[in-house]
Amino acid sequence: MPEDIDVVVIGAGQAGLATSHELGLRGVDHVVLEASEPGSSWLGRWDSFTLVGPNHTVRLPGAPYSGDDPGGFMSRTEIADHLQAYAGRLGRVRAGVPVRRLARREGGGFELRTDGEVIRSRVVVVATGAYQRAVRPTAVAGLGPAVPCIDVPSYRNPAGVPDGAVLVVGSGQSACQIAEELVRSGRDVVMACGRAPWFPRRVGGRDLFEWLLDSTFYEQTPDQLASPAARHGANVQASGAGGGHDLHYRTLAGLGVRLAGHLLAIDEQSARFAPDLAEVIAAGDAGFRFVRDTIVALCQESGVPVPDIPEPGPLDTSAPARLDLRGFGAVVVATGFRSRYTEWIDVPGLVDAQGFPVHVDGESVVAPDLHFVGVHFLRRRRSSLLFGVGDDATATANRIATRFRLPTPGPSTGAGTLRSGSAPRPK
Ligand SMILES: Cc1cc2nc3c(=O)[nH]c(=O)nc-3n(C[C@H](O)[C@H](O)[C@H](O)COP(=O)(O)OP(=O)(O)OC[C@H]3O[C@@H](n4cnc5c(N)ncnc54)[C@H](O)[C@@H]3O)c2cc1C
């Protein structure tokens, strides 16, 4: 017999748990179905993974960071522990229950198929993550068996990468952190660079995130971007490893990583690169200036001294057009992620050309009562992040409570206002 449940949340990462917290506050009966364990996606990251945002940016409703190191950077196991404790307090998670298929029912509501169970639900919240499927560009398709291709989800540590030099494809946060770890372990590393903004970890005595959280940066909405595809753009290059430090094209070049332009093609013997490294670096520097201008505007509006943020120094942009891959141990591909909603959600017209749900404020346009939380740029730049997902969860819970005619309290106070930093903060 199918089980009837008013509201089902799918996924027990930060997005699903924040939604569960907010639904619970409003008295909405629900369950959270989780394919694995709460917070498990963090455990799937490489061994040395840490948050890029400082601990105080963990501002989940009912589970803000409360430790004694707000300016530090939790490891993957610490953040997973934090989410597992959160899930334990909420008490709504059914772990080890993957939803294999979600479809609409005639007359309203949804049918969910798990392994051996059918659930009928009036409302569904999909919170299955912002990093669902690693992209493998067609340029690497010609790679032969002699040099293995390692995607970010399967990279663990340098010892796990076959001996030899490594070609890292991509230059977002993951690519930079993996390239740094490999070159520090003594590997010869070549990086095929994409476009990514960068910024110093600390300016004016404050962490990058403290500035950005006080500014409009993370408030940016999708319609303020240059194009819908810009939602796939890389995050600001930086690292939280070892207490946090700068990590961008110049720091990597300083460590001995050889930078190259975009990867064009690869075969059993060699890799070819576009002659665009200078343009790639210039695009990264444009991103730096955008962040710098955002911080300067914030200071001027707030009447606080503008910190000294020097122009980037010179960088040699001569780069190889071709690379002999003999002697290479692996190619690590870190070129981003895409959604896989349409693989298991049977709703025509669900996503747009970039694979993002077509929605208004998180609710599907083609399937009312189907909600999404934790999507990049769902409502704002911060929508999928530990300090942004709570607001979207609140909005979704309010809409669902209204649908069930339940009272909607104001925003959860647990959304967090913890801040850290030694320098004066703009008012
Ligand atoms: C290098 C790097 C650094 C980062 N640093 C930060 C940072 O400092 N701060 C920050 O906020 N974010 C950071 N992120 C981003 C962060 O990892 C993600 O935004 C976050 O994991 C998304 O949380 P989520 O709850 O939306 O998804 P997830 O954590 O992926 O959770 C989704 C859950 O849904 C489950 N699931 C999926 N499909 C199904 C199904 N069909 N049925 C049942 N369950 C299902 C999964 O098992 C999983 O547990 C970083 C990412 C990277 C790559």
Discussion item. Let me check something: with ligands and nucleic acids excluded, how do Leu90, Leu325 order by accessible area (1.4 Å probe), largest to smallest?
Written reply: Leu90, Leu325
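Where in the chain are the helices, taken as whole DSSP H runs, whose Cα atoms extend 15 angstrom or more along the long axis and whose Kyte-Doolittle mean reaches at least 0.0?
14-25, 277-302
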Worksheet item: Counting only protein chains, not ligands or nucleic acids, how are Asp188, Asp151 ordered by accessible area (probe 1.4 Å), most first?
Response: Asp188, Asp151
Worksheet item: Along the positive direction of the dipole of the chain (beta-carbon charges: Lys, Arg +1; Asp, Glu -1; about the Cα centre), which of Gly204, Val366, Gly327 reaches farthest?
Response: Val366
Item to complete: Would you give the gap between the C-alpha center of the range 156-202 and the C-alpha center of the range 8-87, rounded to a whole Å?
Response: 27 Å
Worksheet item: What is the magnitude of the charge dipole of the chain about its Cα centre, with +1 placed on the Cβ of each Lys and Arg, -1 on the Cβ of each Asp and Glu, and no other charges, expressed in debye to the nearest 20?
Response: 300 debye
Worksheet item: Per-residue accessible area for Ile400 at 1.4 Å probe radius, Å² rounded to 10?
Response: 0 Å²
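Ignoring ligands, DNA and RNA, what accessible area per residue does the chain give at 1.4 Å, in Å²? Let's see the in-between values first.
Working: 17860 Å² over 427 residues.
Per residue, the chain has 42 Å² of solvent-accessible surface.
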Worksheet item: Put a dot 7 Å past each Cα toward the Cβ at Glu106 and Asp324; how far apart are the dots in nm?
Response: 6.8 nm
Worksheet entry | At q = 0.15, 0.28, 0.34 Å⁻¹, base-10 log of I(q)/I(0) for the range 240-283 (Debye sum, equal scatterers on each alpha carbon) | -0.52, -1.01, -1.13
Item to complete: Give the value in nm², to one decimal: projected area of the alpha carbon convex hull of the range 116-182, averaged over all directions.
Response: 7.9 nm²
Worksheet item: If you roll a 1.4 Å probe over the chain with all protein chains in place, what percent of the accessible area is carbon or sulfur?
Response: 51 percent
Fill in: MRE, 222 nm, helices only [DSSP H, n ≥ 4, -39500 (n - 2.57), over the chain, to nearest 500]
-7500 deg cm²/dmol
Worksheet item: In terms of the ratio Rg/(2.2 N^0.38 Å) built on C-alpha atoms, what value belongs to the chain?
Response: 1.01
Worksheet entry | Euclidean distance between Cα centres, the range 271-323 to the range 347-366, Å | 34 Å
Worksheet item: Treating the beta-carbon of each Lys and Arg as +1 and of each Asp and Glu as -1, no other charges, what is the dipole magnitude of the range 100-259 about its Cα centre, to the nearest 20 debye?
Response: 380 debye
Worksheet item: Taking Cα pairs under 8 Å and at least six residues apart, what relative contact order does the range 205-305 come out at, in percent?
Response: 22 percent
Worksheet, complete the sentence: For the range 135-336, the Cα convex hull volume per residue in Å³ comes to 121 Å³
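The values are calculated or read from the model by the stated rules, or taken from the named source; none is laboratory data. This one's a predicted model, so the numbers in the text were calculated from it and none came from an experiment. Please note: Cβ atoms are built from the backbone with ideal geometry, for glycine as well, and neighbour counts cover all protein chains shown. For the accessible areas, the whole protein counts, side chains as well, though only heavy atoms, and no ligand, DNA or RNA atoms are used. Shrake-Rupley method; radii C 1.70, N 1.55, O 1.52, S 1.80 Å.
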